[in-house]
Each structure stands twice: as structure tokens, then as C-alpha cells.
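Report on the following structure.
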């Protein structure tokens, strides 16, 4: 049985998904203010690293990285609602790409597993 | 004998199957990295010599590939390589050949490099004068073909380089060029058919002019649109050259945009962002967008174009940041 990351299409899937996902996030007034718009390329690189992790791919993120990386956003008010929105857009992105529901659920649960680290709890 | 990597004048052995990144990190070198899975692009390095494995360049922008950039974490070479961090400076002496005013406050500075200098039209260099003042300028021509370098420099009130150029610099003065750098240039890796939109304000025209001429010389087949934004009509320049090019080439449209003006036969009045967004080619997924000039315009248009459907990897931007020294 192949892994989730292989089923989704690996790095190619990440590269295809990142624009769709990031466009949904930037276009959503509920979360767009968390993105400083001066460094789109840097942010896209970060979204790719996030998608790689959520797709079950290789990643080197530790709880500490996620905590450090989101600290300034938590101070700006990042909370559970926003994490829910991220997971919603993640699901919407995968649906557009024709990914089966079972795999979308698995991706959502990986993303959800880092919720406490992201929110510095 | 394993593969050897030359970095910063020293040679390092790689273990079997080890990536360039892992090998250099094992030798306690300070190389930036983050995901180690080929996505974040933090570990971008540049090959000076040696073959780059295809896997180390997957999904890099064509402009990156052309500069031999690669992802160190995905690079497990078969043969020895000589590598450096991207944009490692190379200094070339250059002499002022001429200066010519292009409008009321933009000068065309023509330099003759005194050593071999190659770059892609649209890249930029740092210019260092005899007093040690350093400023970055985009290259408006193809120095590889023309043996000189064209820069467009806007005189800024009390700007150090501006004052020096305006009052002291003369033909024959020696300067230093450092670079080139930047990813804002034409490539035909993906064919010649895609639409190109070039949008810039002020001397943001310089790199766009270089890119335009390169694309036309390469026989680009897709439509090319150039939007030059200015506050007043008198801030535009290269009007005759650009009009001539648009007459010679059916596929090229020149659209001057003047913020404080009234629509007329020659230019469109209004904000360049609105004018560009209204007229984006229908084939958004294939359109390449080049943005140069005022940072607010560049960043805002970049975001608007992306949200409207352009692919992030097809947007090339070069924001001209004001100098802090």
C-alpha cells in the first residue's frame, strides 16, 4: 500500500497545490491579514513546506520550529478559528485537484495534529 | 574515491548518496536550509562548474536554472562540483563612456566594462564610485552583444550617487561593477508562445526595455505588452524608441500610463495597476508578468495578478528599494 504522500503525487502535487491554496488564503479576508504582502515568494516557499508536511511527505519541522514560526501571529490574534480556515482551504484545494475524500480527511488530520504547536499552547 | 565539492576555496568529500547540503553541514559549514525536502528553496546554491543533477532543479524558475542555481538538499552529484551561495559578488572595473539625459531627470549612463562581463538584460548590478558610494541599477541592454552597459539613473535630490553623477562624473572615470544579480529576465525554456506583460514605473523601464529587446530578438511569438507608469507625461522617456518598436512588431504594444493626466491619443490616464489589471491577457495561466520599479506598485500588482489567476512562478518582480545610506 502506497503512502499518502505518494498517492497525492509527491512534490509535484505540492507544486500544483501551492498556488491554489495560497490564492484561497490571500483571497480570504478572515486570514489574509496574517500575510505580509511584501514577500510573496518567501511565503509560497513556506506554504510548500507546510503542504509537504500535511501531505505526509518528508519534513524536518519540530514542534519548536512551529511554535517559534507562529509566535508573532499568535500575538496578532491567531486562534483556533484561523486554523479551521486553513484546514478548510486545504480541503477545498485538494477537492479541486480531484483527491478522494478519504485522503482529504487524512491530510486534515495531519494538519490538525500540529494545531497546539502552531497556537503555542 | 567519492565525489568532492569545492566551496569557498576548500574541498569537501561527500559520502555515498549524501546531498551537497548534508555534506557541507557535516563539515560544520553555515549553509542556509529549512525543509530539506526540496520545497522551501532555502538551500539554494549556485554551481560554478560541474553537472547539476536534474532532481536538484525540479520546479525551479527557468531564470534560476539558467544561472545554474540548484537545491543543495536535493543535489547528490555523480561528479565533482564547484559551488557557491547565490549572487556571490564578482567585481569588474568599468569606465564611463557617456552620459545622456533621457528626460528632465533620468540619465542614461553608458559604461565600458574593462574585463569580461556577462549578464541577462533585466538583471541588476551594484555600481560603486570612486568615493565608495554603492547603488543598485538595472541593466537596460545586452552587454554580451553590445560591449557596453546601459543604465538608466534617475537623479534624486541630494542623492549621493545622483550628486556625483550630476556634478563631478566625467567620461573616462573609473567605477566598479558588482554582480550581476536578479531573476527578472527573459527565458524561452517554455517556448516562445506565451503572452508577456511588462509593467514598470520610472526607471523600472530599464530592465523591461532590456527584456523586451531580448524577447523580440529571440523571435518571441506571443503578445508582448509594455506599460510604463509615470506621475506626469514629462516623466516618460524612450517614447520614440518604444513607438518605433511597436510599429515594427505587430505583436508588441506600448502603453504609457500617466497618473496625473487626461486620456489622449498617446497615453492612458490613471493608475498603472488598474490599467494593467483591466487589460491582462485572457490566457492567465500562461502569462508571464515582469514588474519593476516602485515597491508599492510592484508588491501590490504582484498580489493582484496572482489572485486573478497568474501562476506564482510566472511573476518576476524587482522592487527598487530606496537606499538607506
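Taking the numbered list (1) assigned to a loop (DSSP other than H, G, I, E, B); (2) within 14 Å of chain A (Cβ to nearest Cβ) in turn, residue B:221 passes all entries but (2).
Every residue, every condition in (1) buried (at least 22 other Cβ atoms within 10 Å of the Cβ); (2) in a helix (DSSP H, G or I), yes or no:
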{"residue": "B:153", "(1), (2)": "yes, no"}
{"residue": "B:163", "(1), (2)": "no, yes"}
{"residue": "B:187", "(1), (2)": "no, no"}
{"residue": "B:190", "(1), (2)": "no, no"}
{"residue": "B:234", "(1), (2)": "no, yes"}
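The condition of being under 10 Å from the mean Cα position of the chain (by Cα) and within 12 Å of chain B (Cβ to nearest Cβ) does not hold for residue A:107. Taking strands (runs of 3 or more DSSP E) as the structural unit, those lying wholly within the range B:1-100 and holding at least 2 residues that are within 14 Å of chain A (Cβ to nearest Cβ) and surrounded by 18 or more Cβ atoms within 10 Å (Cβ to Cβ) correspond to B:69-71. Checking the stated criteria, residue B:20 turns out to be at pLDDT 95 or above and not assigned by TED's automatic domain parsing to the domain that holds residue B:289. Of all residues in the range B:247-278, those that are more than 29 Å from residue B:307 (Cβ to Cβ) and at pLDDT 95 or above total 4.
In the range A:42-51, the qualifying residues are those that are crowded, with 17+ Cβ neighbours inside 10 Å and over 17 Å from residue A:117 (Cα atoms), and the one that is farthest from the other protein chains (Cβ to nearest Cβ) is A:43.
Of all the residues in the range A:53-68, those that are facing chain B (nearest Cβ under 9 Å) and under 18 Å from residue A:85 (Cα atoms) number 1. Among residues that are closer than 20 Å to residue A:33 by Cβ, out of contact with any helix residue (DSSP H, G or I) (no Cβ under 9 Å at 6 or more places or on another chain) and modelled with pLDDT under 95, residue A:71 is included. Scanning the range B:294-304 for residues that are within 12 Å of another protein chain (Cβ to nearest Cβ) and over 13 Å from residue B:316 (Cβ atoms) turns up B:295, B:296, B:299, B:300, B:303, B:304.
Taken over the range A:3-41, the criterion of being more than 9 Å from every other protein chain (Cβ to nearest Cβ), over 11 Å from the mean Cα position of the chain (by Cα), within 16 Å of residue A:73 (Cβ to Cβ) and part of a helix (DSSP H, G or I) is satisfied by A:32, A:33, A:34. Each residue in the range B:248-293 was checked for being within 14 Å of chain A (Cβ to nearest Cβ) and in contact with a helix residue (DSSP H, G or I) (Cβ under 7 Å, 6 or more places away or on another chain), and 4 pass. When the range A:14-39 is limited to residues that are in contact with a helix residue (DSSP H, G or I) (Cβ under 8 Å, 6 or more places away or on another chain) and under 26 Å from residue B:55 (Cβ atoms), the one that is modelled with the lowest pLDDT turns out to be A:15.
Taken together, B:191, B:159, B:182 contain a single residue that is in contact (Cβ under 8 Å) with a residue 40 or more places away in the chain and closer than 27 Å to residue B:285 by Cα, which is B:182.
The values are calculated or read from the model by the stated rules, or taken from the named source; none is laboratory data. No experiment lies behind these values; they were computed from the predicted model shown. Here the Cβ is made from the backbone with ideal geometry for all residues, glycine too, and neighbour counts use every protein chain on show.
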